[in-house]
Amino acid sequence: MNQGLRSTAFDVPAGQLDAEARSEFLHKTYQHLALAIVAFAGLEAALLQIPGIENLIGLMVGSRWSWLIVLGLFMLVSNVASNWASTAVDSTRQYVGLGLYIIAEAIVFLPMLYMASRVAGPDVIPQAAIITGVVFGGLTATVLLTKKDFSFLGGILRVVGFGALGVIVVSMIFGLSLGTWFAAAMAVFAAGAIVHETSKILHVYRPGQHVAASLALFASVALLFWYILSILSRRR
């Protein structure tokens, strides 16, 4: 009987649980998100302090093809990490997926942070982080307080995401500059992704899926940070 009740509870979206269980799920999700951000920042700081790291960065962005390969590998690794975090029954594998995704993000962010700190100035990174945090906090509070279901954004985000990916690939192949307007549009896209993923925490994710939820949120926050940093760097 107890096993049946437990199984039923785990089949119910977090938003439909009682207040205590729902609060516990939200606490675990955002605790893991915070830890992922701290781990990302610490790993990034450590990587940038490695002697000769600029040589690795040079290899990553030395040509349009090398950066295209880096992005392709990142997409492959992130897909594997997301699958591990969301579908694995073993909690250890879920955490390995989250850790793998954090490492992949830290590596792909290396050129952006390296050039932003040296070209636009070291203060541009904290500014981008603060703006990202404020936007994320506002969007999160809005979704959690209203409890609205934004699942309809999923299809829109997928179409726009594939379109944006195509534009990025074409621009890299032909050496085109996408400019500030594209970065602004992608920042809006990232904000939409945060709204969608936050809504899924209430209406889709089940208890025990807090690792997958935190990874999805971390990916959206990282994307928003990337394009806000890009906009601020271009203004300098």
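Hey, among Leu165, Leu176, Leu215, Leu223, which residue is outside any helix (DSSP H, G or I) and either of a type in the set (Phe, Trp, Tyr) or out of contact with any Gly (no Cβ under 6 Å at 6 or more places or on another chain) (or both)? Please lay out each step first, then the result.
Working: Leu165 fails: outside any helix (DSSP H, G or I); Leu215 fails: outside any helix (DSSP H, G or I); Leu223 fails: outside any helix (DSSP H, G or I).
The conditions single out Leu176.
I'd like the full set of residues that are among the β-branched types (Val, Ile, Thr) and under 13 Å from Ala36 (Cβ atoms), limited to region 97-130. Break it down into steps so the answer makes sense when it comes.
Within region 97-130, the first condition is being among the β-branched types (Val, Ile, Thr), and the residues that meet it are 102-103, 107-108, 119, 124-125, 130.
The answer is Ile102, Ile103.
Would you mention how many residues in region 86-98 are modelled with pLDDT of 90 or more and within 19 Å of Ala222 (Cα to Cα)? Explain how you work it out, then say what you get.
Just the residues of region 86-98 that are modelled with pLDDT of 90 or more, to begin with: 94-98.
In the following step, the residues that additionally are within 19 Å of Ala222 (Cα to Cα) were identified as 95-98.
Counting residues in region 86-98 that are modelled with pLDDT of 90 or more and within 19 Å of Ala222 (Cα to Cα) gives 4.
Which one is surrounded by the most Cβ atoms within 10 Å (Cβ to Cβ), of the residues in region 159-209 that are on the phi > 0 side of the Ramachandran plot and in contact (Cβ under 8 Å) with a residue 60 or more places away in the chain? Let's see the steps before the verdict.
Going through region 159-209, the residues on the phi > 0 side of the Ramachandran plot turn out to be 175, 179, 208.
From what's left, in contact (Cβ under 8 Å) with a residue 60 or more places away in the chain: 175, 208.
Working: Gly175: 8, Gly208: 15.
Top of the filtered list is Gly208.
This table checks each residue for (1) of a type in the set (A, V, I, L, M); (2) within 16 Å of the chain's Cα centre (by Cα); (3) surrounded by 13 or more Cβ atoms within 10 Å (Cβ to Cβ); (4) over 17 Å from Phe218 (Cα atoms).
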| residue | (1), (2), (3), (4) |
| --- | --- |
| Ala81 | yes, yes, yes, no |
| Leu100 | yes, yes, yes, no |
| Glu105 | no, yes, yes, no |
| Met112 | yes, yes, yes, yes |
| Val124 | yes, no, yes, yes |
| Ala128 | yes, yes, yes, no |
| Lys147 | no, no, no, yes |
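Conditions tested, residue by residue: (1) among the charged types (D, E, K, R); (2) on the phi > 0 side of the Ramachandran plot; (3) at pLDDT 85 or above.
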| site | (1), (2), (3) |
| --- | --- |
| Ser7 | no, no, no |
| Ala14 | no, no, no |
| Leu17 | no, no, no |
| Arg22 | yes, no, no |
| His27 | no, no, yes |
| Leu35 | no, no, yes |
| Phe40 | no, no, yes |
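Out of all the residues in region 70-79, is one or more in contact with a helix residue (DSSP H, G or I) (Cβ under 6 Å, 6 or more places away or on another chain), more than 15 Å from Leu110 (Cα to Cα), hydroxyl-bearing (Ser, Thr, Tyr) and crowded, with 16+ Cβ neighbours inside 10 Å?
Yes: one or more hits.
For (1) over 24 Å from Ala34 (Cβ atoms); (2) modelled with pLDDT under 95, each residue gets a yes or a no:
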residue: Thr132; (1), (2): no, no
residue: Phe162; (1), (2): yes, yes
residue: Phe174; (1), (2): yes, yes
residue: Ser177; (1), (2): yes, yes
residue: Pro207; (1), (2): no, yes
residue: Phe225; (1), (2): no, no
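The values are calculated or read from the model by the stated rules, or taken from the named source; none is laboratory data. Note that the structure is a prediction, hence the values are computed from the model and not measured. Cβ atoms come from the backbone with ideal geometry, glycine included; neighbour counts cover every protein chain shown.
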